[in-house]
Amino acid sequence: MALLVDSRSGTTIESFERALLHPSHMRGLCVPQSLPQVDFSTYLPLGYVQATHALFQTLEINLEPALLDHALACYSKFEAIAPLHALCGFKTPVYVQELLHGPTLAFKDMALQPFGILFSQLAQQRQEKYLIMVATSGDTGPATLASFANLPNTRVCCLYPARGTSLIQALQMQTMDAPNLKVLGLEGNFDDAQSTLKTLLHDEAFQAHLAQKGLHLSVANSINFGRVVFQIIYHIWGYLDLVRMGVVSYGDPIKIMVPSGNFGNALGAFYAKQMGLPVEKISVVSNVNDVLTEFFNTGVYDLKARRLQKSHSPAMDILVSSNIERLLYALFGPARTQECMQELQTQRRYALTFSELQSLQAHFESFSCNDAHCLSTIARIYRDHHYLVDPHTATALYAYEHLESHTPCVVVSTASWSKFAQSTLLALCQEESTDDAQALVKLAKLGIHPPACIHELLDKPRIHQQTCALTELSSHIDAWLETL
Ligand SMILES: *Cc1c(COP(=O)(O)O)cnc(C)c1O
């Protein structure tokens with residue numbers, strides 16, 4: 001990569017370390033100016049950690065190897081690292097890539113686990129202290145908190161939509177017990193939480209106030225480039241697994257199907273493709289909030305007539321998908337990215353030209369899946385394959401089933417069903433329940449049991465129960481910082 005730049009101005013960002021610690025000190029987002037071509041077959045003999053080292057080296061990211069090693073040691077806590085699960089009986093082979101074996105049972109762990117360790121180590125080396133903000137639609141919050149708990153030189157403030165997450169996701173945040181963590185429920189949806197956060201990140205008075213306390217401000221959302229690299233490697237790994245299993249020979253094309261919200265996961269697949277991973281198409285799957293599907297199918301990104309709708313796949317209930325900006329940069333360069341982002345802000349809409357749409361569609365196709373289809377897919381896959389997927393993964397499997405594909409597919413599985421017990425029960429038994437806890441009891445009677453860590457959550461004290469209005473946020477944060 002050699003060079004990291006700002007997606008809107010094209011100006012150079014001095015280092016990966018800087019991008020990771022200070023992601024909001026730029027106009028747009030940190031992106032690689034260009035990507036190297038890589039023969040990933042040379043990664044075939046490597047293990048996951050070695051392959052990640054190799055990718056960092058290829059990208060010329062200068063981190064001390066010992067530092068990266070330390071960060072990657074987090075994967076030893078995982079039950080498994082991105083294994084493929086074959087689903088048989090379809091016309092083309094399909095493999096579900098389970099990115100859900102980290103401590104919070106969602107794919108966010110894949111990047112946030114090493115990210116937290118790296119962040120804290122770099123902060124310690126520089127003898128700096130950070131307040132790290134994070135806005136979550138449900139899974140980023142728990143994964144960030146689990147990663148940063150008790151890590152030196154860091155404090156984390158996590159914002160979630162007070163009524164926008166599942167009970168299990170809420171408990172994963174509210175029960176986190178570490179002195180450097182603060183969790184706040186916001187009155188609003190995820191887009192509100194994300195835009196409040198963006199405002200705060202550019203609020204000079206707030207930053208000055210933090211500076212007085214000796215704190216730098218940072219952010220752990222997927223706008224942080226430090227997470228992006230860790231989200232490239234598992235797509236490469238999935239492909240190499242197919243080669244190792246003899247499903248494809250190196251060089252044969254595959255499809256990667258990704259349930260998408262903020263487009264971080266699919267962006268990782270795109271970067272892998274840009275570097276030469278033999279991917280024919282990346283399928284971007286959305287739920288009823290199908291702004292991405294409209295964009296990939298028509299070239300128009302249009303927020304005007306849209307209101308966010310709550311769905312069974314809350315991590316995809318997003319209209320302003322941040323990482324699309326990185327895609328625009330990669331395909332069309334900084335000036336056009338600036339233009340589109342500006343239009344989105346002022347007109348709530350932008351449109352690609354026909355030839356731009358063609359270059360977009362050379363890499364992507366897109367589908368959407370509504371709640372009814374999502375739930376029936378969960379039931380069907382469970383009945384036919386005795387395999388239980390979460391509602392996000394189900395949207396991508398639905399898309400797979402409706403695709404006329406002759407190419408082997410990897411469907412990315414982004415969370416454990418047990419984080420969405422209520423939706424799971426509804427899907428399997430058409431039965432409503434008051435909350436996830438009740439749903440888990442009913443599912444247990446069917447012989448369906450969640451991992452132990454989910455059970456334990458239900459008995460833990462709820463330490464963080466505070467909610468606040470969007471306008472009160474900075475005063476709540478101030479009050480918390482005073483107590484430290
Ligand atoms: C975050 C998340 C997604 C969406 O991923 P993006 O990178 O934001 O597109 C999908 N499913 C689950 C379970 C998630 O937590």
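The values are calculated or read from the model by the stated rules, or taken from the named source; none is laboratory data. On a predicted model such as this, the values are computed, not experimentally measured, just so you know. Cβ coordinates were reconstructed from backbone atoms using ideal geometry, including for glycine residues, and neighbour counts include every protein chain displayed.
Please state which of the following conditions A362 fails to meet, knowing it meets all the rest: (1) crowded, with 23+ Cβ neighbours inside 10 Å; (2) closer than 18 Å to A269 by Cα.
(1)
Suppose we filter segment 10-50 for residues that are of a type in the set (S, T, Y) and touching a Ser or Thr at 6+ places or on another chain (Cβ under 7 Å); how many remain?
0
Criterion first (within 19 Å of the chain's Cα centre (by Cα) and without any contact (Cβ under 8 Å) to a residue 60 or more places away in the chain) does V219 satisfy it?
no
Can you tell me which condition Q342 does not meet? The list is (1) surrounded by fewer than 20 Cβ atoms within 10 Å (Cβ to Cβ); (2) over 19 Å from T298 (Cα atoms); (3) touching a Gly at 6+ places or on another chain (Cβ under 9 Å); (4) not hydroxyl-bearing (S, T, Y), and all the others hold.
Among (1) surrounded by fewer than 20 Cβ atoms within 10 Å (Cβ to Cβ); (2) over 19 Å from T298 (Cα atoms); (3) touching a Gly at 6+ places or on another chain (Cβ under 9 Å); (4) not hydroxyl-bearing (S, T, Y), the lone unmet condition for Q342 is (3).
Under 9 Å by Cβ, and 6 or more places apart or on different chains, what pairs join a residue from segment 306-329 that is within 17 Å of G188 (Cα to Cα) with one that is near the ligand (Cβ under 8 Å from one of its atoms) and among the aliphatic types (A, V, I, L, M)?
Pairs found: L308/I318; A315/A106; A315/A415.
Search segment 389-447 for residues being charged (D, E, K, R) and assigned to a helix (DSSP H, G or I), and hand back the single one that is surrounded by the most Cβ atoms within 10 Å (Cβ to Cβ).
Only one residue tops the list, namely K419.
Which is crowded, with 24+ Cβ neighbours inside 10 Å and over 22 Å from C409 (Cβ atoms), of F270, F190?
None of the others qualify; the one that does is F190.
Exactly one of (1) away from the ligand (no atom under 16 Å from the Cβ); (2) polar (S, T, N, Q); (3) without any contact (Cβ under 8 Å) to a residue 60 or more places away in the chain is unmet by T424. Its number?
(1) is the only condition that T424 fails.
Can you tell me which of (1) crowded, with 17+ Cβ neighbours inside 10 Å; (2) over 30 Å from T104 (Cβ atoms) is the one A330 doesn't meet?
(2)
Could you tell me whether segment 393-400 includes any residue that is among the small types (G, A, S), under 27 Å from T175 (Cβ atoms) and in contact with a Pro (Cβ under 6 Å, 6 or more places away or on another chain)?
no
Checking M275 against (1) farther than 28 Å from P23 by Cα; (2) buried (at least 20 other Cβ atoms within 10 Å of the Cβ); (3) among the hydrophobic types (A, V, I, L, M, F, W, C), only one condition comes out false. Which one?
(1)
Being closer than 16 Å to H386 by Cα and either away from the ligand (no atom under 16 Å from the Cβ) or acidic (D, E) (or both) is the filter here, so list the residues in segment 402-421 that pass it.
None; the set is empty.
Of everything in segment 305-321 that's surrounded by 23 or more Cβ atoms within 10 Å (Cβ to Cβ) and over 21 Å from A421 (Cβ atoms), which residue is modelled with the lowest pLDDT?
Here the answer is I318.
Yes/no per residue for (1) over 24 Å from Y160 (Cβ atoms); (2) within 11 Å of the ligand (Cβ to nearest atom):
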residue: R306; (1), (2): no, no
residue: K310; (1), (2): no, no
residue: A315; (1), (2): no, yes
residue: I318; (1), (2): no, yes
residue: S322; (1), (2): no, yes
residue: Y329; (1), (2): yes, no
residue: A335; (1), (2): yes, no
residue: Q338; (1), (2): yes, no
residue: Q342; (1), (2): yes, no
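Check every one of the strands (runs of 3 or more DSSP E) wholly within segment 182-294 and list those with 3 or more residues that are touching a helix residue (DSSP H, G or I) at 6+ places or on another chain (Cβ under 7 Å) and either farther than 30 Å from R155 by Cβ or among the β-branched types (V, I, T) (or both).
254-259, 279-286
If you check L59 against the conditions, is it surrounded by 13 or more Cβ atoms within 10 Å (Cβ to Cβ), under 24 Å from V411 (Cα atoms) and touching a residue at least 60 places away in the same chain (Cβ under 8 Å)? Reasoning before the result, please.
On the way: surrounded by 13 or more Cβ atoms within 10 Å (Cβ to Cβ): yes; under 24 Å from V411 (Cα atoms): no; touching a residue at least 60 places away in the same chain (Cβ under 8 Å): yes.
No: the conditions fail for L59.
Which is of a type in the set (D, E, K, R) and within 24 Å of T393 (Cβ to Cβ), of E482, E432? Explain how you work it out, then say what you get.
Working: E482 fails: within 24 Å of T393 (Cβ to Cβ).
Criteria check complete, one pass: E432.
Test of understanding: among T298, T293, which residue is surrounded by fewer than 22 Cβ atoms within 10 Å (Cβ to Cβ), among the polar types (S, T, N, Q) and within 16 Å of the ligand (Cβ to nearest atom)?
Exactly one residue qualifies, and that residue is T293.
Taking G226 as meeting all but one of (1) more than 14 Å from the chain's Cα centre (by Cα); (2) more than 14 Å from the ligand (Cβ to nearest atom); (3) not basic (K, R), write down the number of the exception.
The one condition G226 does not meet is (1).
Restricting to segment 146-167, give me the number of residues that are in a helix (DSSP H, G or I) and over 20 Å from the mean Cα position of the chain (by Cα). Before you say what the answer is, go through the steps one by one.
Taking segment 146-167 as the starting set, the residues that turn out to be in a helix (DSSP H, G or I) are 146-148, 167.
Checking the rest, the ones that are also over 20 Å from the mean Cα position of the chain (by Cα) come to none.
Total meeting the criteria: 0.
Given the options A143, A170, name the one that is without any contact (Cβ under 8 Å) to a residue 24 or more places away in the chain, surrounded by 22 or more Cβ atoms within 10 Å (Cβ to Cβ) and in a helix (DSSP H, G or I).
None of the others qualify; the one that does is A170.
Looking at segment 79-120 only, could you name the residues that are surrounded by fewer than 23 Cβ atoms within 10 Å (Cβ to Cβ), more than 21 Å from L397 (Cα to Cα) and either within 16 Å of the ligand (Cβ to nearest atom) or without any contact (Cβ under 8 Å) to a residue 12 or more places away in the chain (or both)?
Once the filter is applied, which keeps residues that are surrounded by fewer than 23 Cβ atoms within 10 Å (Cβ to Cβ), more than 21 Å from L397 (Cα to Cα) and either within 16 Å of the ligand (Cβ to nearest atom) or without any contact (Cβ under 8 Å) to a residue 12 or more places away in the chain (or both), segment 79-120 yields only P103.
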